[in-house]
Amino acid sequence: MMKKFALSALALSLLAGFAQAETVTVYSSRNEQLIKPLFDAYTKETGIEVKVLTDKEGPLMARLQAEGANTPADMLITVDAGNLWQASNMGLLKAVNSKTLTDNIPAHLRDARNQWFGLSVRARTMIYNPSLIKGEQLSNYEDLADPKFKGKLCLRTSKKVYNQSLVAMMIAQQGEPKTEKIVRGWVDNLATDVFPDDTKLIEAVAAGQCAVGVVNTYYFGRILDKLPADKRAAYPVKLFWANQKTNGTHVNISGAGVTRYAKNEAGAVKLMEWLSSEKAQNLYADKDMEFPANPKVKADVLVSSWGPFKQNLINMSKAGELQGAAVKLMDRAGYK
Ligand code: FE
């Protein structure tokens with residue numbers, strides 16, 4: 001009797017251990033509202049529970065570092081390749097060898113050492129006010145430095161990582177001296193002080209305060225999405241795909257990596273693979289009006305209405321590697 005009891009207690013504790021191992025714990029800088037429906041769908045499909053802790057990327061990475069081998073986190077989700085590169089550089093992530101992930105996610109959207117993978121694409125391109133400027137007058141980010149745009153350009157602050165990544169990619173492809181000259185030209189052409197966020201910048205273009213600006217398209221999508229469908233075409237801001245005749249529009253990612261000390265590494269990989277799948281990609285990209293990272297998946301209807309575009313295919317890692325150089329360059333150029 002005693003022996004039988006001991007055995008079933010052992011079986012129970014093994015079962016409990018198994019159930020716990022089946023839980024995947026995620027640290028996410030993407031908000032709950034965005035990722036919760038996704039993880040609920042995963043749990044419904046697989047029975048695997050996903051625990052999430054959300055915070056800004058800085059505190060999450062500091063927490064992962066402080067927790068070290070004791071961290072409960074199996075996966076880190078964040079936006080911007082610069083942040084993912086940083087996490088990898090801090091030794092917080094581990095390489096994942098998954099054919100599913102390398103098949104689903106194009107090479108430029110993931111780490112060459114497989115420590116992180118893009119899950120959605122965010123394009124940073126031009127918007128303009130069609131009553132002030134014609135689309136045909138626009139071409140490349142570089143061209144926005146031309147004196148013909150004097151007093152017409154609006155930019156968000158250089159403190160935002162999105163602009164640091166854009167400039168880092170320009171350094172990677174054109175070198176520092178040329179990039180610095182371009183950034184100085186941008187500063188000379190500013191219509192007004194830099195903006196604290198992309199939404200305010202879009203509103204300033206709509207109001208005619210600036211003729212042209214550079215923003216992430218999902219902010220534009222959110223503004224359009226709030227308008228009645230029949231009012232969207234009349235909104236006085238249009239989108240222009242930058243650098244289509246040269247190296248392609250600058251893109252960035254939101255993405256994920258398995259933590260270095262993941263207790264449930266297999267579970268984290270399985271969840272990441274699912275997130276890269278066609279079903280999850282629709283849920284994930286559409287919710288925030290981003291582009292799916294998996295090229296087999298179509299973007300949301302409104303997002304698709306901006307037409308297909310050529311992405312810059314430079315590897316995302318460069319945004320991290322050259323972030324420091326970009327920050328210094330923008331400071332030298334007087335880009336606030
Ligand atoms: Fe954003």
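Couple of notes before you dig in:
- Inter-part distance where the range 213-283 and the range 51-105 are each reduced to a Cα centre, Å: 19
- Each Lys and Arg Cβ is given +1 and each Asp and Glu Cβ -1; about its Cα centre, the chain then shows a dipole of about 180 debye.
- Solvent exposure ordering (accessible area, 1.4 Å, most first) of Val269, Val215: Val269, Val215
- At least 18 Å along the helix axis (C-alpha) and Kyte average at least 0.0, DSSP helices within the chain: 2-22, 161-174
- For the listed residue pairs Lys99/Lys287; Lys231/Lys279; Lys36/Lys296, the alpha carbons are over 29 angstrom apart in Lys231/Lys279.
- Segment Ser277-Glu67, length gained on full extension (0.36 nm per residue, minus Cα span): 72.5 nm
- HN-Hα J in Hz across the range 111-118 - Karplus 6.51, -1.76, 1.60, θ = phi - 60°, x for Gly and Pro: 5, 4, 9, 6, 8, 8, 9, x
- Ligands, DNA and RNA excluded, the heavy atoms of Ser305 present near 80 Å² of accessible surface to a 1.4 Å solvent probe.
- Only Lys, Arg (+1) and Asp, Glu (-1) charged, at Cβ; the range 149-202 dipole about Cα centre in debye: 100
- For the range 18-143, the Cβ-based charge dipole about the Cα centre amounts to some 60 debye (Lys, Arg positive; Asp, Glu negative; other atoms uncharged).
- Averaging over all projection directions, the Cα-based convex hull of the range 224-307 occupies 7.8 nm² in the image plane.
- Here the Gaussian network model covers the chain, with springs between Cα atoms less than 10 Å apart; of Ala280, Ala207, Ala299, Ala207 fluctuates the most.
- Contact order for the chain, expressed relative to its length and based on alpha carbon pairs under 8 Å spaced 6+ residues apart, stands at 29 percent.
- Relative contact order computed over the range 14-116 (Cα-Cα under 8 Å; 6+ residues apart), in percent: 29
- For the chain, a Gaussian network of Cα nodes joined below 10 Å ranks Gln164, Gln174, Gln311 by mean-square fluctuation, and the top entry is Gln174.
- Here the extension length gained between Glu49 and Gln137 equals 26.5 nm, from 0.36 nm per residue of separation less the Cα-Cα distance.
- Within a straight-line Cα-Cα reach of under 20 Å, Lys226 can be paired with the following aspartates and glutamates, leaving aside sequence neighbours fewer than 8 residues apart in one chain: Asp197, Asp198, Glu203, Asp286, Asp288, Glu290, Asp300.
The values are calculated or read from the model by the stated rules, or taken from the named source; none is laboratory data. As the structure is a prediction and not an experimental result, all values here were calculated from the model. No Cβ is skipped: glycine too gets one built from the backbone with ideal geometry, and neighbour counts run over all protein chains shown. Ligands, DNA and RNA are stripped out before the accessible areas are found, and what is left, the full protein with its side chains, is counted by its heavy atoms. Shrake-Rupley method; radii C 1.70, N 1.55, O 1.52, S 1.80 Å.
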